[in-house]
Amino acid sequence: MTANALNTTRSQAIFEAAQALMPGGVSSPVRAFRSVGGQPIVFDRVKGPYAWDLDDNRYIDYVGSWGPAICGHAHPEVVAALHDALEKGTSFGAPCELENQLAAMVIEAVPSVEMVRFVNSGTEACMAVLRLMRAFTGRDKLIKFEGCYHGHADMFLVKAGSGVATLGLPDSPGVPRSTTSNTLTAPYNDLEAVKELFAENPDAIAGVILEPVVGNAGFITPEPGFLEGLRELTQENGSLLVFDEVMTGFRISYGGAQQRFGVIPDLTTMGKVIGGGLPVGAYGGKSEIMQMVAPSGPMYQAGTLSGNPLAMTAGIKTLELLKQEGTYDRLEASTERLINGIIQAAKEAGLAITGSSISAMFGFYLCEGPVRNFEEAKATDTERFARLHRAMLERGVYLAPSAFEAGFTSLAHSESDIDATLAAFSESFAAIT
Ligand SMILES: *Cc1c(COP(=O)(O)O)cnc(C)c1O
């Protein structure tokens with residue numbers, strides 16, 4: 001695989017036109033490539049592990065629509081099921097049987113979930129779960145971790161990781177101080193800091209929310225005892241523990257990070273994989289808490305398109321595919337081979353690197369490790385990453401356009417795709433030293 005000067009004429013024309021139509025030319029900031037520079041690639045179509053741009057360049061894709069494409073893009077069984085569902089209409093605004101099906105699958109899969117409510121995005125799920133934490137405990141404060149992203153709701157836009165970090169915005173204008181004054185933050189993997197926050201705010205903290213494995217500040221794994229420690233601290237203080245598994249749900253294992261690590265939170269948020277490429281989010285947990293949600297209970301939360309049959313169908317099919325024997329073993333093995341190969345290639349080029357993977361999620365930093373929190377992640381060489389990103393594009397590999405995003409593999413990535421990717425890394429690392 002050799003570098004060719006990428007012809008991106010049509011991508012450039014469309015992206016240029018987009019500038020006048022949408023802020024920054026995009027519907028979500030990171031897509032604009034601001035943190036890696038250069039023109040973003042405008043996609044035409046995706047299939048399996050591949051994406052094609054408007055100029056018909058093909059890329060092996062490690063973004064996977066930021067997580068949903070764990071079975072590979074446009075999986076034939078998902079597409080066929082969607083065709084059938086389409087004929088029956090796209091939105092009912094009334095109960096539909098498919099909601100029961102997906103709800104039952106989620107409840108069966110995710111240890112903490114006894115009841116679930118469907119919404120349309122991860123952001124919505126996190127907004128709702130915060131309201132629920134507060135409604136259930138009668139307390140207002142929450143603890144989040146530096147570098148963790150929980151969607152773009154006001155209360156969470158404090159030290160919120162990748163998208164915000166790479167644009168260098170410590171916070172966002174338009175978020176009133178009064179809205180974030182109840183948001184307390186601690187460094188990831190730092191139990192002592194959490195203990196102090198509890199001590200300083202007795203009987204005031206509704207709960208602790210975190211990414212049980214961080215994918216929005218690069219890729220950071222919980223140190224042994226960290227998740228267990230949070231479970232104990234929240235219990236001791238009458239607070240709720242919430243795992244934001246929008247990224248890790250059905251990816252770190254079929255039952256999410258909570259199943260993999262054996263730590264069971266009170267509430268869980270989901271998104272991305274659960275919608276199989278259509279807009280779905282969900283939150284769920286103990287029945288006792290979920291019964292607070294309207295119309296069972298007084299906590300209001302609603303959605304016109306929530307639980308629509310099209311989105312439920314994509315979710316059901318995707319989970320059915322994931323549930324098959326050996327799925328996660330395969331994902332784990334190929335992702336491990338990928339990250340080990342990346343680390344080796346960087347070292348052969350004489351570059352500092354630290355990286356790891358769990359299941360179908362991986363990440364690396366261009367610096368010496370270890371990286372245990374966002375502060376340490378910032379040591380990564382972002383300028384060099386930008387050059388790496390471009391070099392990989394030129395060799396037909398699409399990485400997330402930010403040094404602070406995790407990578408995603410899928411069941412569709414074959415051994416030869418991984419080989420081709422590693423060859424591209426070897427060349428690219430050599431080209432950027
Ligand atoms: C992507 C993400 C969200 C937000 O989900 P959207 O569907 O983009 O609104 C929330 N939390 C985590 C951990 C995420 O990765």
*Of all accessible surface on the range 77-322 at a 1.4 Å probe, what whole percent is carbon and sulfur?*
53 percent
*Can you tell me the 0 to 90 degree angle between the C-alpha axis of helix 122-137 and the longest principal axis of the chain, rounded to 10?*
20 degrees
_Ordering Glu124, Glu320, Glu348 by accessible area with a probe of 1.4 Å, largest first, what comes out?_
Glu348, Glu320, Glu124
*Residues with amide H under 5 Å of Asp244's amide H, sequence separation 5 or more or different chain, H placed in the peptide plane at 1.01 Å from N; which?*
Leu210, Glu211, Thr269
_Point-charge dipole on Cβ atoms (K/R +1, D/E -1) for the chain, about Cα centre, debye to 20_ = 680 debye
_So if a site counts as exposed when it's one of the chymotrypsin sites (Phe, Trp or Tyr not before Pro), its DSSP state isn't H, G, I, E or B, and it has at most 15 other Cβ atoms within 10 Å, what's the longest stretch of the chain without one?_
93-299
*Can you give the angle from 0 to 90° between the axis of helix 226-236 and the longest principal axis of the chain, with both taken from C-alpha atoms, to the nearest 10?*
20 degrees
*Hey, what do the phi angles of the range 72-79 turn into as Karplus ³J(HN,Hα) couplings, whole Hz, using 6.51/-1.76/1.60 and θ = phi - 60°, x for Gly and Pro?*
x, 5, 6, 4, x, 6, 5, 4
*Cα axis of helix 382-394 to longest principal axis of the chain: angle in degrees, 0 to 90, nearest 10?*
60 degrees
_If I model a spin label at Glu223 and Ala430 as a point 7 Å from the Cα along the Cα→Cβ vector, what separation in nanometres do I get?_
3.9 nm
*asked:* Can you tell me which of Gly138, Gly48, Gly249 moves the most in a GNM of the chain? Springs connect C-alpha atoms under 10 Å apart.
replied: Gly138
_the range 315-427 - charge dipole about Cα centre, Lys and Arg +1 at Cβ, Asp and Glu -1, debye rounded to 20_ = 200 debye
*Taking the Cα-to-Cβ direction at Leu21 and at Ser287 and moving 7 Å from each Cα, how far apart do the two end points lie in nm?*
5.0 nm
*asked:* How much accessible area per residue does the chain have, counting only protein heavy atoms and a probe of 1.4 Å, in square angstrom?
replied: 41 Å²
*Hz values of 3J(HN,Hα) by residue in the range 30-35 - Karplus curve (6.51, -1.76, 1.60), Gly and Pro given as x*: 4, 5, 7, 6, 4, 7
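Of Lys88/Lys286; Lys195/Lys272; Lys272/Lys323; Lys159/Lys286; Lys144/Lys347, which sit over 25 Å apart, Cα to Cα? Mind showing how you got there, number by number?
Details: Lys88/Lys286 33 Å; Lys195/Lys272 32 Å; Lys272/Lys323 17 Å; Lys159/Lys286 29 Å; Lys144/Lys347 35 Å.
As for pairs spanning more than 25 Å Cα to Cα, those are Lys88/Lys286; Lys195/Lys272; Lys159/Lys286; Lys144/Lys347.
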*In whole Å, how far is the Cα centre of the range 326-356 from that of the range 416-433?*
12 Å
_Using alpha carbons only, how many angstrom separate the centre of the range 7-32 from the centre of the range 171-207?_
37 Å
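The values are calculated or read from the model by the stated rules, or taken from the named source; none is laboratory data. The structure displayed is predicted, hence computed values, not measured ones. Don't worry about glycine lacking a Cβ; one is built from the backbone with ideal geometry, like all the others, and counts go over all protein chains shown. Areas reflect the complete protein model, heavy atoms only, side chains present, ligands, DNA and RNA absent. Shrake-Rupley method; radii C 1.70, N 1.55, O 1.52, S 1.80 Å.
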